[in-house]
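Student: My questions will all concern the structure given below.
The values are calculated or read from the model by the stated rules, or taken from the named source; none is laboratory data. Since the structure is predicted, the reported quantities are computational estimates derived from the model, not experimental observations. Please note: Cβ atoms are built from the backbone with ideal geometry, for glycine as well, and neighbour counts cover all protein chains shown. With ligands, DNA and RNA removed, areas are computed over all heavy atoms of the protein, side chains included. Shrake-Rupley method; radii C 1.70, N 1.55, O 1.52, S 1.80 Å.
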Amino acid sequence: MGWEFTILDWIQNNMRSPWLDTLVANFSELANIGAPWILLALVLIMYKPTRRTGCFLAAAMLLEFAVVDMGMKPFFDRPRPCDVNPAIDMLVQRPNSASFPSGHSAQAFVVSSALYYCHSKLFVPVLVVSVLMALSRLYLYVHFPTDVMIGMLVGWLCGFVAVEFCRKWELKNGPRL
């Protein structure tokens, strides 16, 4: 954990600024309950040419929620860096869930992954937002680097698994959209 605090403390000592504090805190808070990703899935589902992608995306997000929020976080129950080092100046309210893995990172990367495997044109801009979301969790001192890295990986894998499952289901049962 020592090297992880080295990274987090370097960010705190070298990157923080008042305008960036506000920007990063607001950006990260926006995704607290996955609202932008849920809204994206709903918009895709409402538009017939992207309905299939939206449904696959919704399935991927449900899988990620089950794996991360209902499975991994309670199982590992890792404290957050702000719990271990309470002297840090918090920019957001301390999250109530465990630190490992990063749910924000997993949410963002499950969306990126599903869009990638669905060959969506939205993949690149969403990937950029996903990377920024993952980095914001380090900036805010609410996740260790390994929380974020594993969150990204688990999110990506959940996206892949969900899209593959949906495709196989379609092959067996025929498209219903």
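Student: Taking the options Gly159, Gly151, name whichever one is open to solvent by less than 30 Å² (accessible area, probe 1.4 Å), modelled with pLDDT of 95 or more, within 22 Å of Trp3 (Cα to Cα) and not in a loop (DSSP other than H, G, I, E, B).
Tutor: Details: Gly159 fails: within 22 Å of Trp3 (Cα to Cα).
Every option except Gly151 fails the conditions.
Student: Examine region 81-100 for a residue that is open to solvent by 20 Å² or more (accessible area, probe 1.4 Å), more than 23 Å from Val43 (Cβ to Cβ) and either of a type in the set (Lys, Arg) or in contact with a Pro (Cβ under 8 Å, 6 or more places away or on another chain) (or both), and state whether such a residue exists. Walk me through it before giving the result.
Tutor: The first filter runs over region 81-100 and keeps only residues open to solvent by 20 Å² or more (accessible area, probe 1.4 Å), leaving 83-91, 93-97, 100.
Remaining after also requiring more than 23 Å from Val43 (Cβ to Cβ): 83-91, 93-97, 100.
Next, only the ones that are either of a type in the set (Lys, Arg) or in contact with a Pro (Cβ under 8 Å, 6 or more places away or on another chain) (or both) stay: 88, 94.
Yes: region 81-100 contains one or more residues that are open to solvent by 20 Å² or more (accessible area, probe 1.4 Å), more than 23 Å from Val43 (Cβ to Cβ) and either of a type in the set (Lys, Arg) or in contact with a Pro (Cβ under 8 Å, 6 or more places away or on another chain) (or both).
Student: Please identify the pairs in which a residue from region 28-54 that is touching a residue at least 24 places away in the same chain (Cβ under 8 Å) and more than 22 Å from Phe165 (Cβ to Cβ) has its Cβ atom under 6 Å from the Cβ atom of a residue that is of a type in the set (Ser, Thr, Tyr) and assigned to a helix (DSSP H, G or I), counting only partners at least 6 apart or on another chain.
Tutor: Ser28/Ser136
Student: Moving on to the next point. Return a yes/no flag: does region 67-79 have any residue that is among the charged types (D, E, K, R), within 17 Å of Pro145 (Cα to Cα) and open to solvent by less than 60 Å² (accessible area, probe 1.4 Å). Write out each step before concluding.
Tutor: Filtering region 67-79 for residues among the charged types (D, E, K, R) gives 69, 73, 77-78.
Filter once more, so that each one left must be within 17 Å of Pro145 (Cα to Cα): 73, 77-78.
With the extra rule that they be open to solvent by less than 60 Å² (accessible area, probe 1.4 Å), the set shrinks to 73, 78.
Checked region 67-79: at least one residue is among the charged types (D, E, K, R), within 17 Å of Pro145 (Cα to Cα) and open to solvent by less than 60 Å² (accessible area, probe 1.4 Å).
Student: From the residues in region 6-18 that are open to solvent by less than 40 Å² (accessible area, probe 1.4 Å) and under 22 Å from the mean Cα position of the chain (by Cα), which one is farthest from Cys82 (Cα to Cα)? First the steps, then the outcome.
Tutor: Here is the first cut: in region 6-18, the residues open to solvent by less than 40 Å² (accessible area, probe 1.4 Å) are 8, 11-12, 17.
Those still in the list that are under 22 Å from the mean Cα position of the chain (by Cα) too: 8, 11-12.
On the way: Leu8: 10, Ile11: 14, Gln12: 12 Å.
Of everything passing the filter in region 6-18, Ile11 is farthest from Cys82 (Cα to Cα).
Student: Which one of Val128, Val110 is open to solvent by 60 Å² or more (accessible area, probe 1.4 Å) and among the β-branched types (Val, Ile, Thr)?
Tutor: On the way: Val110 fails: open to solvent by 60 Å² or more (accessible area, probe 1.4 Å).
On inspection, the qualifying residue turns out to be Val128.
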